[in-house]
Structures are given as structure tokens and as C-alpha cells.
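Have a look at the structure below before the remarks.
The values are calculated or read from the model by the stated rules, or taken from the named source; none is laboratory data. From a predicted model like this one, the values you see are computed outputs, not experimental measurements. Cβ: placed from backbone, ideal geometry, glycine included. Neighbour counts: every protein chain shown.
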Amino acid sequence: MINGPFDIDIDTLGNLRPISKVVFSLGSNQGDSPAILTEAVEFLAETPDVIIVDVSPVYQTSPVGGPEQPDFLNLVVVAESTLEPLTLLDRAFAIEDNFGRSREVANGPRTLDIDIIMVGKRGSEDHLELPHPRAHERAFVLVPWLDIDPRAAIEGRGHIAELVKHVDTSGVRRRDDIVITAATRF
């Protein structure tokens, strides 16, 4: 069958899924945080159907809420994926579990925290609120994200360049001595 300027067999297109922009926020304040974040980014990059587009610089950030605890190291990963949001969530949990993530104390110290900030324009699903419900008010998400994707926006909240102007960034310090990258396919 001829479809437009190309001869395409449309029967072979049945399993295609849309590619969505995915934004992950990673943080760690227990153990060897630079090594943990490096490996976590590598595990994300090794995930089938996830293509890492960019990794932000690392930031040292003051904890938000929870008990007294050390500062976090945080970064943001922008990727593209055809995976469903709940599949991405399962992968994030598996990577966290690999590093001994404990969920006993809400907002407590952790070896690794991976939050899914957004998956394209997808909305909330069972056990996953999208976009992340507090991302627009978290400097540890907005500041690193702004470094690598200055035109980004959070659906229903606005452009991150504007959002970052309304959050307290005093506890956010860029750590150029820690560089974490991932092999991108672009």
C-alpha cells in the first residue's frame, strides 16, 4: 500500500508506541553518594527502551522536611522512552532496591531516591502522580533541570525557568567536582 511519499506496510506498525520525554530526579545522602548516583544513571541508561538525552550537573542540597540528616547530592536525568509510566516506576524502584533503599522513615535519609517528574504529557496512574506533585516547588529538581533543559515546562505549572524564581534556592550548591555522565545515543 502506498501512503504518501513512502511505500509503507501499515500492518507492521501495530506495535509502535509513542516516544515520551521522561524526567527523573535522583538523590542520595547515605553511603558513597557520588558512586551510587553514577551507577544509578548507568542502570537507567541500560534500561531497554530508555534513551538518556542529558544528565545535569550534581548539586548539594539541604534536606526538605523529615528528620535531621546530611545534605543530599541531587541531579536530573532527561530521557526518551516508549515505556509506560508504571514500567518506568517499577524500574526506578528496582534500581533503588539495588542500593538498599529503605522506606521506613518518611523523607528520611536514603541511599538512593529516584522520582519520576514527568512522562510526556501523561497524567497520574495507580500509585504514580504525574507530573510529580511537588516538583514545581523543589529547588533540588528545578535548578539541575534548568541547567540541561532551560525551555522545559511542567504541565499545568509553567516553565521551570519561571518556577525556579519562586523557590528558595539558598540550600542548593552546584558541585563541579563531581561529574556524572551517561553514554547518550544522540
Checklist entry - Is the range 114-126 home to any residue that is surrounded by 14 or more Cβ atoms within 10 Å (Cβ to Cβ), among the basic types (Lys, Arg), modelled with pLDDT under 95 and more than 21 Å from Val41 (Cβ to Cβ)? => result yes
Checklist entry - What is the number of the single condition among (1) surrounded by fewer than 16 Cβ atoms within 10 Å (Cβ to Cβ); (2) under 23 Å from Pro63 (Cβ atoms); (3) more than 14 Å from the chain's Cα centre (by Cα); (4) not charged (D, E, K, R) that Pro109 does not meet? => result (1)
Next on the checklist: in contact with a strand residue (DSSP E or B) (Cβ under 8 Å, 6 or more places away or on another chain) and closer than 23 Å to Ile52 by Cβ: is that true of Arg173 in this structure?
Outcome noted: no
Checklist entry - How many residues, within the range 127-186, are surrounded by 18 or more Cβ atoms within 10 Å (Cβ to Cβ) and aromatic (Phe, Trp, Tyr)? => result 2
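Per-residue answers, yes or no, for (1) in contact with a strand residue (DSSP E or B) (Cβ under 7 Å, 6 or more places away or on another chain); (2) more than 23 Å from Leu83 (Cβ to Cβ):
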site: Val23; (1), (2): yes, no
site: Leu26; (1), (2): yes, no
site: Gly31; (1), (2): no, yes
site: Thr38; (1), (2): no, no
site: Ala45; (1), (2): yes, no
site: Val55; (1), (2): yes, no
site: Gln60; (1), (2): yes, yes
site: Pro63; (1), (2): yes, yes
Item to check | His166 vs. criteria under 26 Å from Ile19 (Cβ atoms) and not small (Gly, Ala, Ser) | outcome: no
Checklist entry - Could we say that Val76 is among the hydrophobic types (A, V, I, L, M, F, W, C), surrounded by fewer than 16 Cβ atoms within 10 Å (Cβ to Cβ), within 23 Å of Asn107 (Cα to Cα) and touching a Phe, Trp or Tyr at 6+ places or on another chain (Cβ under 8 Å) here? => result no
